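One structure below.
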Amino acid sequence: MPRRDFAFPTFMSFAQPTPQQVQTLKAVLFSACLIPLARLVWRGFNHDLGANPIEVITHSTGDWTLIMLLITLSVTPLRRILEWPWLLKLRRMFGLYAFFYVCLHFLTYVWLDQFFDIFDIAKDVLKRPFITVGFTCFVLLIPLAVTSTNNMVKRLGAKRWQQLHRFVYFIAAGGVVHFWWLVKKDITEPLQYAIILALLLGLRALFYLRKTSLPRVALSQR
Amino acid sequence: MLIKKPAAIRPTEITDQALYLKRREFIKAAAVAAAGLVIPGVFATPRQAGAAIPNIRKSIYSTAEEMTMLKDITNYNNFYEFGTDKYSPAQFAGKMKTRPWTVRVEGEIKRPKVYDIEELFKIAPLEERIYRMRCVEGWSMVIPWVGFQLSELIKRSEPTANAKYVEFTTLKDSTQMPGQRSSVLDWPYIEGLRMDEAMHPLTILAVGLYGDILPNQNGAPMRLVVPWKYGFKGAKSIVRIRFVENQPVSAWTKAASQEYGFYSNVNPNVDHPRWSQAKERRIGEFFKRPTLMFNGYADQAAQLYAGMDLRKYF
């Protein structure tokens, strides 16, 4: 696709940054994604996690898992709308951060909340719908994390890799359901995640429809 | 590893700056109090949240368990009138005006009356009741309430034969209670007890906490405490107590009847549909502990439900 020649000069670097610029941005974002964890640790050491620290840690790591998942899912729509193909280079990092925070979330539950009480954990996973859904999503994320390397993409083949990684749509939806079923009454927060997720998935549906319904010529002349 | 050396003056020994700045008020208050001793009754009211309550009696119903820290009791509250997260009430409840305050006692009674809150303070000698409090969410505290038995107020009201239940209503005023602007519950907050539950010696109306006037976020100026039931049964900031013939529909039952029943007795064997009630985390502790039947008050309260299927009447 030819580049637009009317793009604003200030956007030029964003539309076509040098590999060095992308690397720098990646390093900055990598550090930024650690801030939520650093903040928790800081508050923990300063006894600033309130009356129920385990609950705060559980909720915070859960929140950041969902946020990272939504950021990951926003890469494709953003790169298509803004026509910034290089954004793809950030996607794996965000995806792995989602996995990182869900591991912390799961560890908090297993260690701090249940203290490795396997019997109670098994009962929870089988009996409580919100934990069933959350646990399923966590397990489903593992193969995606494992196959995130370039080498694995090659081994699986791009097509099969993509098919596998489309599971992330179900995982993200499951994550929102997990939160929705947890809250006692006030669904404001899960609803916010649900709306953003619906938007991100809706955009994909739109892209797909345009791709299949419009002739190729029309698309390239857009 | 951090090795902290104790400071020469412990932080607890330093006068809080806010207190220091109020030192003149303190002297004035002391003078007023002294005058009050000379002319009894003149300067007796009004009382502020946090002020000490004099002449509190001990009670045989108090537990000897370690009490939850005041800062946790007053900063981790479910009081949806001030927001749905547990940190909001401490932030926003300060706006609520608890003096003057009246409580309308009415319904199937011979002596309906609008009580001034100061009158209720004198309805019976105030007692300290150190109770376990188990929240339906799976955490618990040990709280030193100050209050009087609800039965004292009921006896004074002389219920008729039609009085089968007692209904409690919380203040409804969205200008003072910002959480009421959201329709998360059907305001005002309503709770109810069966007459025998209301008459039970463990059931109290609390007006204080840790020997002081009840802080707003804990339900000032007066709230219900029923220690063998989940915490949400304890209606806060009560403006009306009504004696009725039919079982009241509580705010939580209205919101989700399959999850929150009328009785809501603490019961480790009957799970909430979405989470287990078998264990609880005592605030301030790391390990969960098993939840006790009727929150450990089975000896006193179990007979109220003799013969009832507690799975059905949850």
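Please treat every number below as a calculation from the coordinates, not as lab data. Remember, it's a predicted structure, so these values are computed and weren't measured experimentally. Every residue, glycine among them, receives a Cβ derived from its backbone with ideal geometry; neighbour counts consider all protein chains shown.
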What is the gain in length, in nm to one decimal, between A:I35 and A:Q163 on full extension, counting 0.36 nm per residue of separation less the C-alpha to C-alpha distance? 42.9 nm
With x for Gly and Pro, the residue-by-residue ³J(HN,Hα) of region B:96-104, computed from phi through the Karplus equation 6.51 cos²θ - 1.76 cosθ + 1.60 at θ = phi - 60° and given in whole Hz, is 6, 8, 9, 9, x, 8, 10, 10, 8
Taking the alpha carbon gyration tensor of region A:102-147, what are the square roots of 5 times its eigenvalues, largest first, to the nearest whole Å? 19, 13, 8
Cα gyration tensor of region B:53-305 diagonalised, 5x eigenvalues square-rooted, in angstrom largest first, produces semi-axes 24, 21, 20
Per 0.36 nm of contour for each residue apart, how much would the distance between A:K127 and A:F14 grow if the chain were fully extended, relative to their Cα-Cα spacing? 35.8 nm
Cβ under 12 Å from B:F79's Cβ, B:F79 left aside: what net charge do those residues give with Lys, Arg +1 and Asp, Glu -1? +1
Whole-Hz ³J(HN,Hα) for each residue in region A:81-88, computed from phi via Karplus 6.51 cos²θ - 1.76 cosθ + 1.60 with θ = phi - 60°, x for glycine and proline: what do you get? 6, 7, 6, 10, x, 5, 4, 4
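R0 = 25 Å: FRET efficiency of B:N269 with B:Q300, Cβ-based, nearest 0.05?
That gives a FRET efficiency of 0.85.
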Quick note on B:S151, A:S148, ordering by fewest other C-beta atoms within 10 Å, gives B:S151, A:S148
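Where does each of B:V142, B:V207 land when they are ranked from fewest to most other beta-carbon atoms within 10 angstrom? Please list the in-between numbers first.
Values: B:V142 19, B:V207 23.
Ordered from fewest to most neighbouring Cβ atoms within 10 Å, B:V142, B:V207 come out as B:V142, B:V207.
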Report, as an integer, the average count of C-beta atoms from other chains found within 10 Å of each Cβ along A:17-29. 0
Could you give the C-alpha radius of gyration of region A:81-222 expressed as a fraction of 2.2 N^0.38 Å, taking N as the number of residues it contains? 1.28
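For A:C137, B:C135, A:C103, what's the fewest-to-most ordering of other Cβ within 10 Å of each Cβ? Before the final figure, lay out the partial values.
Numbers: A:C137 23, B:C135 19, A:C103 16.
Ascending Cβ contact count within 10 Å gives the list A:C103, B:C135, A:C137.
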Can you give me the long-range amide H partners of B:V266? Hydrogens built in the peptide plane at 1.01 Å from N, cutoff under 5 Å, separation of 5 or more residues or another chain. B:K229, B:Y230, B:F294, B:N295
Spelling it out for B:R240: with amide H atoms placed in the peptide plane at 1.01 Å from N, the residues 5 or more places away or on another chain with amide H under 5 Å from its amide H are B:R104, B:T169
With a cut-off of at most 16 other beta carbons within 10 Å, and DSSP calling the residue loop, which trypsin sites (Lys or Arg not before Pro) in region B:50-94 qualify? Please list them. B:K58
Give me the lysines in straight-line cross-link reach of B:K110: C-alpha distance below 23 Å, same-chain residues under 8 apart excluded. B:K122, B:K155, B:K164
Phi-based couplings in Hz for region A:146-162 (Karplus 6.51, -1.76, 1.60; Gly and Pro marked x): 5, 8, 8, 6, 4, 4, 5, 4, 5, 5, 7, x, 3, 5, 5, 4, 5
Exceeding 28 Å between C-alpha atoms, which entries from my cross-link table qualify? They are A:K127/B:K236; A:K127/A:K159; B:K58/B:K95; A:K26/A:K154. A:K127/B:K236; A:K127/A:K159; B:K58/B:K95
Which residues' amide hydrogens lie under 5 Å from the amide hydrogen of B:G50, considering only partners 5 or more residues apart or on another chain, with H built in the peptide plane? B:I213, B:L214
Per-residue mean of C-beta atoms belonging to partner chains within 10 Å, peptide B:72-78: 2
What is the average number of partner chain Cβ atoms found within 10 Å of a Cβ in B:269-275? 4
Over the C-alpha atoms of the protein assembly as shown, what are the Rg and the largest Cα-to-Cα span, Dmax, in Å? 28.9, 98
